[in-house]
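The values are calculated or read from the model by the stated rules, or taken from the named source; none is laboratory data. Fair warning: this is a prediction, and the values are worked out from it, not measured in the lab. Here the Cβ is made from the backbone with ideal geometry for all residues, glycine too, and neighbour counts use every protein chain on show.
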């Protein structure tokens, strides 16, 4: 079971990237989003919702399994970044600039951890907090992206 937890926690190996593994976890999330969009675009939002819920729950289990060996919130654990970018991409129309904006916005919130994101991991310091700080980063990025899209529709 530990081997399976490692595979999932690393987003199928993307977390083993020697530099910026969180960025690679985000890229994995975007690749999954694109695969869904280009194969069954009408189902993108229901499938993203399912991936977010299942990914979060399974991610908590994975974090609990790998923590004794890798430590708390190891850089190898990037499923949380994948889930976070799926949240950011939820309910947005497909355009390449929107996908790029989702990537940038999510990474911004994930790296800087403003607005209480950092307090989640420091306060809880649990397998769940590894996932929840990126869930919150994804929510902030999604709200920011929705605001940009609203402004674009309203004023441009």
query = Between a first residue in region 79-103 that is farther than 21 Å from residue 14 by Cβ and a second residue that is outside any helix (DSSP H, G or I), which pairs have beta carbons less than 7 Å apart while being 6 or more apart in sequence or on different chains?
reply = 98/92
key: Filter result for the condition that a residue is farther than 17 Å from residue 26 by Cβ and modelled with pLDDT of 95 or more, over 106, 156, 91   = 91
inquiry  = I'm trying to understand the selection: among the residues of region 96-121, which are surrounded by fewer than 17 Cβ atoms within 10 Å (Cβ to Cβ) and at negative phi?
reply    = 96, 97, 100, 104, 108, 111, 112, 114, 118, 119
remark   = Being under 15 Å from the mean Cα position of the chain (by Cα), closer than 16 Å to residue 6 by Cβ and modelled with pLDDT under 95 narrows 73, 80 down to just 73
ask   = Looking at this structure, is residue 124 at pLDDT below 95 and within 28 Å of residue 6 (Cα to Cα)?
value = yes
request  = Select from region 122-143 the residues that are over 15 Å from the mean Cα position of the chain (by Cα) and surrounded by fewer than 20 Cβ atoms within 10 Å (Cβ to Cβ) and list them in ascending order.
outcome  = 122, 123, 124, 125, 126
